[in-house]
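One structure is given below, encoded as structure tokens.
Each reported figure results from applying straightforward, stated rules to the coordinates on display, with no laboratory input. As the structure is a prediction and not an experimental result, all values here were calculated from the model. Here the Cβ positions follow ideal geometry from the backbone for every residue, glycine too, while neighbour counts run over all protein chains shown.
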Amino acid sequence: MQFMINGASREVDIDIRTTVLDLLREHLGLTGSKKGCDHGQCGACTVLINGRRVNSCLALAVMHQTDEITTIEGLGVVGDLHPLQEAFVKHDGYQCGYCTPGQICSAVGMLDEVAKGWPSYVSADLGHAELSEAEISERMSGNICRCAAYPNIVDAIREVAGADV
């Protein structure tokens, strides 16, 4: 099967029951995305598929052969980090680091949703969301940080979004 991952075409022979997460980790050696709960409840496996955040443990790889899959490895590299990666470092938006790749991928997708004007459950204005702490927390609620670095994660996201920190 052919996949487009982090801007490169990859040919992989996999079982049709293979998840995107297992494709990435077990078949391609892209271990940034983590297998946390394997039930879509923690967000550690979050990747971007066609720019939208997806729990890769719940997505069958065969369904995404024509899609662009972006992992944490595809967002930036040492010396050329994505702005959210830089902000997470600056604001200490991680403790153990296990959830960090999923948090960053989710934040990239979330900021794109905000830019497109998509409301969340707590959005006061359906046309424009203010990135308050409550707004960011609601939008990032699918990503659990067991070390409780949430305030730092919110600060990192707000900085990249241009909101007051």
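Which GluC sites (Glu not before Pro) does the stretch 97-165 hold that lie in a coil by DSSP with at most 16 other beta carbons within 10 Å?
Sites meeting the loop and neighbour criteria: 130.
Evaluate the charge dipole of the chain about its Cα centre and quote only its size in Debye, nearest 20, assuming +1 on the Cβ of each Lys and Arg and -1 on the Cβ of each Asp and Glu.
Magnitude of the dipole: close to 340 debye.
Return the calculated 222 nm mean residue ellipticity for the chain, to the nearest 500 deg cm²/dmol, obtained by summing -39500 (n - 2.57) across DSSP H runs with n ≥ 4 and dividing by the residue count.
Estimated from H runs of four or more residues: -8000 deg cm²/dmol.
Which label belongs to the value computed from this structure, given these candidates for Rg and Dmax of the Cα atoms in Å: [x] 15.8, 50; [y] 34.5, 102; [z] 15.6, 48?
[z]
Quick one: compute the contact order of the stretch 83-161, relative version, from alpha carbon pairs under 8 angstrom and 6+ residues apart, as a percent.
Once normalised by length, the contact order is 46 percent.
Could you tell me what fraction of 2.2 N^0.38 Å the Cα radius of gyration of the stretch 83-161 comes to, as a two-decimal ratio?
Against the empirical 2.2 N^0.38 Å value, I get 1.02 for the stretch 83-161.
Nearest 20 debye, what's the magnitude of the dipole of the stretch 83-161 about its Cα centre given +1 on Lys and Arg Cβ and -1 on Asp and Glu Cβ? Intermediate values should be presented prior to the final figure.
Working: 5 positive and 11 negative charges, 51 e Å.
Dipole size: approximately 240 debye.
With loop defined by DSSP as not H, G, I, E or B, and exposure as at most 14 other Cβ atoms within 10 Å, which is the longest segment of the chain clear of exposed trypsin sites (Lys or Arg not before Pro)?
The longest uninterrupted stretch comes out as 18-115.
Note down the relative contact order for the chain as a percent, whole number, built from C-alpha pairs under 8 angstrom at least six residues apart.
Values: 282 pairs, mean separation 37.3, N = 165.
Relative CO of the chain lands at 23 percent.
If you build the Cα gyration tensor of the stretch 2-75 and take the root of 5 times each eigenvalue, what three semi-axes come out, in whole angstrom, biggest first?
On the way: eigenvalues 54, 37, 25 Å².
Equivalent ellipsoid semi-axes, largest first: 16, 14, 11 Å.
When all alpha-carbon pairs of the stretch 57-102 are counted, what percent fall beyond 13 Å?
So the pairs more than 13 Å apart make up 65 percent of the total in the stretch 57-102.
Could you tell me which of 136, 96, 122 has its Cα farthest along the dipole of the stretch 83-161 towards the positive end, charges placed at Cβ (Lys, Arg +1; Asp, Glu -1), taken about the Cα centre?
Most positive-ward Cα: 96.
Under the rule of at least 5 residues apart or a separate chain, name every residue whose amide H is placed under 5 Å from the amide H of residue 10.
Close amide H contacts, sequence-distant or interchain: 3, 4, 5.
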